[in-house]
Amino acid sequence: QLFINYKLQSVAHLNWRTMTYKSINTFIDDLFAFVIKMPIMHRLACLRDDVIFLIFCYQRYVYRTDYTRVNEFGQCAQPTEEMLKEVEKEKEDATKESSRQEELISGDNSHNAPGVRKRRSAREKRSVS
């Protein structure tokens, strides 16, 4: 998790519920590690967890949540002007494509569609030659 945070330079994908769970878990592990008589290796493992938790807290502080970043669902909390223009352009392209598909399906204006030729009748063939 620490490596993912470092590579993304963001902690936007982690919610506060996860952070709360990790903090409670770390506190309980430390409490039991020092109150109950345990092997040294287990105490070192708890210390390791504490160090990782502190690094995680540091990353949470340093890498503030970037609200302009698009999440895995394609949603953004605060889209920029450039993102809004791109979405509008995609909508316009989609409407143009759908109207073009409707023209091809209905048969109207098929001479405007690229790659589609109008079928000539026998009279038109004779008059050309």
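The values are calculated or read from the model by the stated rules, or taken from the named source; none is laboratory data. These numbers were taken from a predicted model, which means no experiment stands behind them. With ideal geometry, Cβ positions are generated from the backbone for all residues, glycine too; neighbour counts draw on all protein chains shown. To get the accessible areas, we keep the full protein, side chains included, count just its heavy atoms, and leave off ligands, DNA and RNA. Shrake-Rupley method; radii C 1.70, N 1.55, O 1.52, S 1.80 Å.
Heavy-atom accessible area, probed at 1.4 angstrom with all protein chains present, ranks Arg48, Arg17, Arg43 as Arg17, Arg48, Arg43, highest first.
The lysines within cross-link reach of Lys37, meaning a Cα-to-Cα straight distance under 24 Å and a gap of 8 or more places when in the same chain, are Lys22. Remark: the stretch 17-28, residue by residue, has Karplus-estimated 3J(HN,Hα) of 5, 5, 4, 5, 4, 5, 5, 5, 4, 5, 4, 5 Hz, where x stands for each Gly or Pro and the curve is 6.51 cos²θ - 1.76 cosθ + 1.60 at θ = phi - 60°. Projecting label points 7 angstrom from Cα along Cα→Cβ for Tyr6 and Ser98 puts them 4.7 nm apart.
Order of 92-100, 119-127 by packing, highest average Cβ count within 10 Å first? Let's see the in-between values first.
Working: 92-100: 10.4, 119-127: 8.7.
By packing density, highest mean first, the sequence is 92-100, 119-127.
Judged by the mean number of other Cβ atoms found within 10 Å, the most tightly packed of the peptides 29-42, 50-63 leads the ranking 50-63, 29-42. Annotation: aspartates and glutamates with alpha-carbon distance below 18 angstrom to Lys7 (same-chain offsets under eight excluded): Asp66, Glu72.
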